1. Just one of (1) more than 21 Å from D:Gly237 (Cβ to Cβ); (2) within 16 Å of the chain's Cα centre (by Cα) trips up D:Ala163, so point out which.
2. Of all residues in the stretch B:81-90 being modelled with pLDDT of 95 or more and under 20 Å from B:Asn63 (Cβ atoms), which is surrounded by the most Cβ atoms within 10 Å (Cβ to Cβ)?
3. Tell me yes or no: at least one residue of the stretch B:172-191 is aliphatic (A, V, I, L, M), under 17 Å from B:Thr12 (Cα atoms), more than 16 Å from the chain's Cα centre (by Cα) and within 7 Å of another protein chain (Cβ to nearest Cβ).
4. Return the total of residues in the stretch A:228-248 being assigned to a helix (DSSP H, G or I) and over 30 Å from A:Glu35 (Cα atoms).
5. Of these, D:Thr91, D:Thr84, which one is of a type in the set (Val, Ile, Thr) and within 30 Å of D:Glu178 (Cα to Cα)?
6. Just name the residue that is surrounded by the fewest Cβ atoms within 10 Å (Cβ to Cβ) out of those in the stretch B:183-227 that are assigned to a loop (DSSP other than H, G, I, E, B) and β-branched (Val, Ile, Thr).
7. Quick check on the stretch C:105-123. Is at least one of its residues touching a Pro at 6+ places or on another chain (Cβ under 6 Å) and either more than 14 Å from chain B (Cβ to nearest Cβ) or of a type in the set (Phe, Trp, Tyr) (or both)?
Protein chains: 4
Amino acid sequence: MTEQRDTPPTSTWKLAGRDLSSRLIVGTGKYEDAEETKAALAASGAEIVTVALRRVDLKAKDNLLSWIDRDRYTLLPNTAGCYTADEAVRTLRLARELGIADIVKLEVIGDPTTLLPDNEQTLVAAKMLIDEGFTVLPYCSADPIVCRKLEEIGCAAVMPLAAPIGSGLGIRDPHNLELIIEAANVPVIVDAGVGTASDAAVAMELGCDGVLMNTAIAAAKDPIKMANAMRLGIQAGRLAFEAGRMPKRRHAHASSPTIGLIE
Amino acid sequence: MTEQRDTPPTSTWKLAGRDLSSRLIVGTGKYEDAEETKAALAASGAEIVTVALRRVDLKAKDNLLSWIDRDRYTLLPNTAGCYTADEAVRTLRLARELGIADIVKLEVIGDPTTLLPDNEQTLVAAKMLIDEGFTVLPYCSADPIVCRKLEEIGCAAVMPLAAPIGSGLGIRDPHNLELIIEAANVPVIVDAGVGTASDAAVAMELGCDGVLMNTAIAAAKDPIKMANAMRLGIQAGRLAFEAGRMPKRRHAHASSPTIGLIE
Amino acid sequence: MTEQRDTPPTSTWKLAGRDLSSRLIVGTGKYEDAEETKAALAASGAEIVTVALRRVDLKAKDNLLSWIDRDRYTLLPNTAGCYTADEAVRTLRLARELGIADIVKLEVIGDPTTLLPDNEQTLVAAKMLIDEGFTVLPYCSADPIVCRKLEEIGCAAVMPLAAPIGSGLGIRDPHNLELIIEAANVPVIVDAGVGTASDAAVAMELGCDGVLMNTAIAAAKDPIKMANAMRLGIQAGRLAFEAGRMPKRRHAHASSPTIGLIE
Amino acid sequence: MTEQRDTPPTSTWKLAGRDLSSRLIVGTGKYEDAEETKAALAASGAEIVTVALRRVDLKAKDNLLSWIDRDRYTLLPNTAGCYTADEAVRTLRLARELGIADIVKLEVIGDPTTLLPDNEQTLVAAKMLIDEGFTVLPYCSADPIVCRKLEEIGCAAVMPLAAPIGSGLGIRDPHNLELIIEAANVPVIVDAGVGTASDAAVAMELGCDGVLMNTAIAAAKDPIKMANAMRLGIQAGRLAFEAGRMPKRRHAHASSPTIGLIE
């Protein structure tokens, strides 16, 4: 595939002060073993990887954190499994003491079955963490009002879900995502719900700045191949967004293009 | 983007006896000029390009056919603009006399407004052409019965539309495409209707062997960038198909996966 | 529910010379017994019922035909189970000899698994039947070109499917139905694929003249209640079509309405 | 349409202690004049009508409240136009002093453009109002966590939106509505976003207890006819829900039904 050498790079972007090429952020859970995890991370092309603090034995010598190459990847600790603002804040304070990171993914879960976010508690926790100097990337509903509030209190990005965590259902409500993207002055990263490469491409075509995923790669039959698919899907979607797609028409001879209109 | 060197190649495929790497076939119409056409073809990575015989002055010295690099691209002449089996057959006979190609895209249009295919006339023309030794790739409806008949009379592939030509509406009825793919013993190439990179990825994820498009690239604001987006979208979709996507679930804790079920 | 007395009647319509109030046509297969069939027909409010000739012992004394009240219902014999034009034509000639009806539902199936129509054979059979004086209502694909041809040879209506027979998947491609409705000068009746009351309403809102269904009623847990649901769903959809729905907008303050545009 | 006499009544339901037959709640804004409003209310069959307190001159003698027949309709005052919990609570206290109603629709808007709810402020206001003895029906996002919290603090129902107020976009995310319905122990009423009769039917088929709408009726070309369409669409959807729809299958011969699975 020699033609790949000619691929125009998609535009770089900035997240929390970092310059990034890759628009794909990946999780580290649910893999068979360390080897598979490392190979999937490499294939994904991700520059940021997220780690669930509650699933790591922070005091063990040989844990996930020890073998992730931190020269290559920016570590984004997250608070998966926390159900209150307090729990999430305490978890992150501990991580800071252990020197892990100041840029964090805040996740306050509202329900152990659906793993949907508790936006009310997320707002409380985000405010506390920002006051303590953390750089906060919050997981939240695809709710333009919640995203605006999170931005107003100083979050470095907003990370609305596309569908429930681990569902693989894809972009359930593109309309709300569009409203969020139009209003936001910080990066918008779709977090959770993507199931396959075209879902990732759709998110980018809507104008999202990035996509965060874990299960869609780790639970594919061939995770390494899917990591590659996701890397290319993200690039394809971003290039299509930048290229400016053709108008939708009822047929080639229809007089009124319908691009950008409600579906 | 150094990680691209590690991209696992998607599987190659065979179409009408040719071994192909690229699963994207592109048209040559609607570009600004020859330079843009050439650049878009190159960026698309296509190995086969289709040319509307009726839009080329076959006797002129400096026509589209003269400047397409036929060492690089397999030329696939098509019968766009033909409304009867007779017209299509006569057009292709003329092309054969001029030495253009024996592998042809058969297109018999049913209606000048929607440009939808006339499947009945397409069947008639396909039979005549195959009897005369042509290798026929027919544009047709996403109709499993029509596709089965076209295969039975000896077509080298079937090319159902995703949506009307020039509409950019994407895959309108994935269910019918799935039925076609399940039943077919020849390659299934989505022809017409794709609008953006995620549409191309969806077609590949459904299990199509390839995608043919023209307007989606030529009518983008930046056709070269969109050609790149399509190339990557096709690769992403194929890799995702080969990787085997995660099951769809209502949420991570749902007991029954729903992959492969009706949407 | 006294307010029902004030329901404005939806407009009546004409099918094959008959004036009809009900826009719901129902099948007679798949019910538990004759009692359930009769009750479901009554609850549906249908004025036309269709009967599969191949499933009736035409010579038996006590068959379906004997107990359908033909003062109340117009009988529409159909050729379900026929796979060629010849079979369908022979079946209908026999029915005519037995005095059943001259208005017939033509169904030529292309595939025993999907039960999708063979449009090519349907065109052949329709022509033969019309030449012999039958009034033909053909089951066909949601293909505007096929529908135009069926109208041109003299069919009294066209009956495109919404989804495969017995699937209950609802309107799979509203866009094609819209193209058919815009072009047709005969009634357009959605035949097959409806699964629930909202599907029937959607068909009517698109501008269809009627809906024909069987499994959606007979295979509901409570067929009588579902027959009522379908009757009301058809009325609701027709009234909404006649009322002229509000424009779709991104939100109340959006400047451009998007009604009628491509979804 | 004599068959309507046989319509089996859909089950009655209870909302805030009232027994209701109609599952349609309608707004009173955006009509041409009082006559049209009255005719639309009558045609809708609604038993509860909602009135925006901020749009009524509560001290005027001849206002909306004066001519709504309160023997026929239960009045549901709402706080449309309020942007904080405080505003909403103060507005409702005033209405109580004027003797309007103790059962109220709480609406705290987050954004003047999209009119999406501010769920955080809605929770604050709901708590205050319930403490003061109001019966609270809150407008909120289609967010299962927010709905659970509103139920926990004592709301008499939850009223998630289907799409933005005045958009007519229909049910944007049926999956979230299903999660809400499964978890709720109070009635679930879809509030806002319905555009036509089939949208209302879909809401009922998902298992919602009722639907509240205004623009879809008032902004139709013929509001009275659309009010009738909505009345029948709600009944059709409820009957279909109670009847238990057929399974969805890929086609009639598919072995695995797919009803209830993710779309």
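The values are calculated or read from the model by the stated rules, or taken from the named source; none is laboratory data. Being a predicted model, the structure only gives us computed values, none of them experimental. Glycine also receives a Cβ, built like all others from the backbone with ideal geometry; neighbour counts cover every protein chain displayed.
1. Among (1) more than 21 Å from D:Gly237 (Cβ to Cβ); (2) within 16 Å of the chain's Cα centre (by Cα), D:Ala163 violates only (1).
2. B:Cys82
3. Scanning the stretch B:172-191 turns up no residue that is aliphatic (A, V, I, L, M), under 17 Å from B:Thr12 (Cα atoms), more than 16 Å from the chain's Cα centre (by Cα) and within 7 Å of another protein chain (Cβ to nearest Cβ).
4. 5
5. Answer to the check: D:Thr84.
6. B:Val186
7. yes
Okay, residues lined up against (1) over 26 Å from A:Ile181 (Cβ atoms); (2) modelled with pLDDT of 90 or more; (3) within 20 Å of the chain's Cα centre (by Cα):
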site: A:Ala60; (1), (2), (3): yes, no, no
site: A:Arg72; (1), (2), (3): yes, yes, yes
site: A:Thr79; (1), (2), (3): no, yes, yes
site: A:Asp102; (1), (2), (3): yes, no, yes
site: A:Glu107; (1), (2), (3): no, yes, yes
site: A:Val136; (1), (2), (3): no, yes, yes
site: A:Asp143; (1), (2), (3): no, yes, yes
site: A:Arg148; (1), (2), (3): no, yes, yes
site: A:Glu151; (1), (2), (3): no, yes, yes
